[in-house]
Amino acid sequence: MSDIRLEIKDVSKAFGITKALSSVSFNINKGEIHALIGENGSGKSTLTNSLAGIYQKDWGSFILDGKEVNPVNQVEANNEGISIIVQELGTLDGLTVAENIFLGHEEKFVKFGIKNTASMNRKANELLKQYGFDRIKASDMIEHYNFEDRKLVEIVKATYFGPKIVVIDETTTALSREGREELYKHMKRIREEGNTVIFISHDLPEVLSLSDTITVLRDGLYIDTVKSSEIDEDGLKKLMVGRDVTGGYYRADYGEKVSDEVVMKVENVTVPGIISNISFELHKGEILGFGGLSESGMHEVGKACFGASFDREGKVTLADGTQVNDIPTAISHSIAYTSKDRDNESLVMNQSIRDNICLPSLDDLANKAHMLSDKKLKSFADEFAAKMSTKMQSVDQFVSNLSGGNKQKVVLARWIGKDSDILVLDSPTRGIDIKVKQDIYQLMDRMRKSGKSIIMISEELMELIGMCDRIIIMKDGQINGELMRNKDMDENTLIAKMV
Amino acid sequence: MNTSTETAGKKISGQVKGYLLLILLVIISWGIFKIITPNNFGSAKNMLSYFEASLLAAVGAVGFYFVMVMGMFDFSIGANIMLSAIVGCVFAGRFGLGYFGLVVGAILTGALVGLLNGTFYVKLRIPSMIVTTGLALIYESIANFIAGGVEQTLPSNLRAFGQMPGNLILAVIAFAIAYLILNYTKIGTYTYAIGSNEFVAKNMGIKVNKYKILAFIISGAFLGIMAVLTISYGSSMVAVTGMASMSRNFVPTMGCFFGLAFKKYGMPIPAIIIGEFVINIIFFGFIALGAPTAIQDVITGLALLVIVTVTTKVAKGEIVK
């Protein structure tokens, strides 16, 4: 009996004139965790979305256990034995947890057209209990749960029926440490049952530790498939980027003195129910990190500094004495903010790259009569999109068509264009590939050297250690420790203060 | 065991909160007019007649809820009611089909109008507001043509649905059907799924266009029932033109707002029924006061804004469009 579960043969897919996949062919085996890696825009999600029925491929075939499959939606894919957990939120408001789990598969609970809600809830509760998620109740409306719990519901939804292939698309970055552990446990269980996980992640140590086999895509082309045991991180980076990733990944300097000049003073900031009594100072040319568990309140600190928190108490004061209490004041005083929730809070998805980049700079770009020139906007957007090496057809392209990493580049291009002095970057490298990460780290380092100050909020401990002059650790909405940059700091030092 | 009890407790407390809010609105609206005009407003008998009158729009509103919760709109409600009532009346009287002709004729006409609304909306791919506004003009003209420009009167022996208990029985059947569809069929689940995120719903294999058309058909059929109640209650119908039928849109739409506002408490249909009752108390209160129509409209409009603002507690930061 063949070990091959899925044969991918000559699969191609284009969006307009952009070729997302060009004749991709490789095999995936039974009973393995098969990682799919590549830079942003390399075609990983396009390939798995085509397999799962979200997109329709233009050419080629998927052969599952010897039979060609062509699902046109996720339910058809489920019926063929393929499921997917998507990068962003995949559950629907207005429905209960149980309705979300069985959406598209209600038939088993319907008799003579009438849905047996009690039976559906009972079955969903059994599954949630079986997965160890019994704090989530089947009859509750899904919107009562946070992002992470909703992701756990998606894990149940995607795996309860024992699919032959489960695609996990860049899901781990949305989860806290505990959430990731839960996901890893289920990935291993699927493998032990003889089924297959296709795992997309930019976290190379995570990929190496979890997967059995790794396939690399680059610019829509198949590059190579390697055994995880036979390659290291540098080898993977080389395959992904197409050359040796040389030069510093993180900052190399240690012991550099940070300026004494305070550019932002945060005093006794409280956001009821989220953060309590937070005080710190941000210095000129400093990268100040915030770390902690996902629900520690660190993400709210960023919003509070940008004047975006509701019911905030306490003071955020700039060097010139300005109090930052709202977003317009923050922007007019050269503060930039990028949210963790890129698609919903940072980008205007149905607008062009040009409009997204120019948005906060429109006043600067307008002439004396407050009129805007198309040419000027385009050249401004072109300049800063190019500075960030954004992969696109033109700045007139809709931002919604870009990959996750390129969307983040658009967000950063916007604030570089605005020439902001203080940048609050919440999870700036979430879902971003190794090359773009390196670009962002180098950009942050250049900004720091030119006197810009950065607050970096991240769940990636290594990037906090690698990039920050100082790291503040949050726990239960409060500051639980502060660590200065030093060579000997490791993840365990931070974790000890986080949990 | 404990947890399930807790969950049930949570659910009950949410619904109880919703019912308490609605009952409070009834008491407040009744109380205000009772104080101002104690003699000719708000007796038990009066309240019953206000409730009877509110049943008409409540039936239309529960159907319209299926369309609105999906994020669509229908400006042809009034035209649909008018056309369905006239067809029902013609079937019952002119064709001699009696109650069967009245009920089936009106419901089928309403459903057909819904089918046309949904199909045009889906096929033309233009906003539902624009499609239904255009179609409303056509429905009005068809109604006028069928009526021959003459007021259509329902024979006096066919008006059982205009009074107790006929109106109540028909309305209760309609509410029960709406409740069943919404809570115990796939249609209800898919209605909410499409309203929440159409793209994800589509990826889940839901035939979004089919269910959008179905929502318009359901809405149309319920408006057909509302037409039966309306012509039975008022005994006749004039086929107006030039978008004059739009004045009939207001009351069912207001009831629907109640349903949307109380959706979070898991009780949209009771909210529509009680909401329409509150609206009627306010209307009849103004009539008892003898207030000029313009003043009535201003206060009713303000009351709508206040009620929806108070009952729809939007979370901070939540975007409202």
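The values are calculated or read from the model by the stated rules, or taken from the named source; none is laboratory data. Please read these numbers as outputs of a predicted model, since none were measured by experiment. Neighbour counts are summed over all protein chains in view; Cβ atoms, including those assigned to glycine, are modelled from backbone coordinates with ideal geometry.
Here's the yes/no breakdown for (1) in a helix (DSSP H, G or I); (2) of a type in the set (A, V, I, L, M):
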site	(1), (2)
B:Thr189	yes, no
B:Ser219	yes, no
B:Thr241	no, no
B:Val251	yes, yes
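Residues in region A:442-460 include at least one that is modelled with pLDDT under 95, assigned by TED's automatic domain parsing to the domain that holds A:Glu295, among the acidic types (Asp, Glu) and over 30 Å from A:Ile168 (Cβ atoms). Only one of the listed residues (A:Gly113, A:Gly104, A:Gly194, A:Gly132) is on the phi > 0 side of the Ramachandran plot, outside the structural domain of A:Gly404 (by TED's automatic domain parsing) and either modelled with pLDDT of 90 or more or buried (at least 22 other Cβ atoms within 10 Å of the Cβ) (or both). That residue is A:Gly194. Taking the conditions (1) farther than 21 Å from A:Gly466 by Cα; (2) at pLDDT below 90 in turn, A:Asp212 satisfies each one other than (2).
Results for (1) assigned to a loop (DSSP other than H, G, I, E, B); (2) over 16 Å from A:Ile422 (Cβ atoms); (3) within 13 Å of another protein chain (Cβ to nearest Cβ); (4) without any contact (Cβ under 8 Å) to a residue 60 or more places away in the chain, shown as yes or no for each residue.
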site	(1), (2), (3), (4)
A:Glu295	yes, yes, no, no
A:Phe310	yes, yes, yes, yes
A:Lys315	no, no, no, yes
A:Pro328	no, no, no, yes
A:Ala336	no, no, no, no
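Right, A:Leu425: part of a strand (DSSP E or B) and surrounded by 23 or more Cβ atoms within 10 Å (Cβ to Cβ) or not? For A:Leu425, the condition - part of a strand (DSSP E or B) and surrounded by 23 or more Cβ atoms within 10 Å (Cβ to Cβ) - is met.
The single condition from (1) closer than 29 Å to A:Ile63 by Cα; (2) touching a Gly at 6+ places or on another chain (Cβ under 9 Å); (3) crowded, with 21+ Cβ neighbours inside 10 Å that A:Leu152 fails is (1). Among all residues of region A:387-400, there is at least one that is in a helix (DSSP H, G or I) and of a type outside the set (Val, Ile, Thr). Scanning region B:224-256 for residues that are within 22 Å of B:Ser29 (Cα to Cα) and surrounded by 21 or more Cβ atoms within 10 Å (Cβ to Cβ) yields B:Val251, B:Pro252, B:Met254, B:Gly255, B:Cys256. Of all residues being buried (at least 22 other Cβ atoms within 10 Å of the Cβ) and hydrophobic (A, V, I, L, M, F, W, C) in region B:179-202, which is nearest to the other protein chains (Cβ to nearest Cβ)? Just the residue, please. Top of the filtered list is B:Ala193. In summary, A:Gln87 fulfils each of the numbered conditions (1) surrounded by 20 or more Cβ atoms within 10 Å (Cβ to Cβ); (2) under 26 Å from the mean Cα position of the chain (by Cα); (3) more than 9 Å from chain B (Cβ to nearest Cβ) with the single exception of condition (1).
Table: residues versus (1) within 14 Å of chain B (Cβ to nearest Cβ); (2) farther than 23 Å from A:Ser228 by Cβ; (3) modelled with pLDDT of 90 or more.
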| site | (1), (2), (3) |
| --- | --- |
| A:Asp10 | no, yes, yes |
| A:Lys13 | no, yes, yes |
| A:Lys30 | no, no, yes |
| A:Gly41 | no, yes, no |
| A:Ser50 | yes, yes, yes |
| A:Ser61 | no, yes, yes |
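One residue alone among B:Thr293, B:Thr300, B:Thr312 is loosely packed, with under 11 Cβ neighbours inside 10 Å, away from every other protein chain (no Cβ under 14 Å) and modelled with pLDDT under 80, and that residue is B:Thr293. Taken over region A:30-53, the criterion of being of a type in the set (A, V, I, L, M) and either surrounded by fewer than 22 Cβ atoms within 10 Å (Cβ to Cβ) or part of a helix (DSSP H, G or I) (or both) is satisfied by A:Leu47, A:Leu51.
Filtering A:Glu154, A:Glu80 for residues that are over 20 Å from A:Lys188 (Cβ atoms) and either facing another protein chain (nearest Cβ under 10 Å) or at pLDDT 90 or above (or both) leaves a single hit, A:Glu80. A residue that is in a loop (DSSP other than H, G, I, E, B), touching a strand residue (DSSP E or B) at 6+ places or on another chain (Cβ under 9 Å) and not acidic (Asp, Glu) occurs nowhere in region A:9-29.
Scanning region A:347-382 for residues being part of a loop (DSSP other than H, G, I, E, B) and touching a residue at least 60 places away in the same chain (Cβ under 8 Å) gives a total of 1.
For A:Lys188, the conditions (1) in contact with a Phe, Trp or Tyr (Cβ under 9 Å, 6 or more places away or on another chain); (2) away from chain B (no Cβ under 14 Å) all hold with the exception of (1).
The set of residues from region A:132-148 being within 21 Å of the chain's Cα centre (by Cα), part of a helix (DSSP H, G or I) and within 20 Å of A:Arg122 (Cβ to Cβ) is empty.
Check region A:155-177 and report whether any residue there is part of a helix (DSSP H, G or I), touching a residue at least 60 places away in the same chain (Cβ under 8 Å) and of a type in the set (Asp, Glu). The answer is no, given that none of the residues of region A:155-177 is part of a helix (DSSP H, G or I), touching a residue at least 60 places away in the same chain (Cβ under 8 Å) and of a type in the set (Asp, Glu). A Cβ distance below 7 Å, combined with a sequence gap of six or more or placement on separate chains, defines the contacts here; from region A:267-286, residues that are under 15 Å from A:Met298 (Cβ atoms) reach residues that are loosely packed, with under 13 Cβ neighbours inside 10 Å and of a type in the set (Asp, Glu) in the pairs A:Val271/A:Asp311. Taking the stated definitions as given, is B:Leu158 over 30 Å from A:Glu107 (Cα atoms), touching a strand residue (DSSP E or B) at 6+ places or on another chain (Cβ under 8 Å), modelled with pLDDT under 90 and more than 14 Å from chain A (Cβ to nearest Cβ)? So B:Leu158 fails the test. Taking the listed residues B:Leu24, B:Leu102, B:Leu108, B:Leu20, the one that is part of a helix (DSSP H, G or I), in contact (Cβ under 8 Å) with a residue 60 or more places away in the chain and out of contact with any Leu (no Cβ under 9 Å at 6 or more places or on another chain) is B:Leu108, with no other qualifying.
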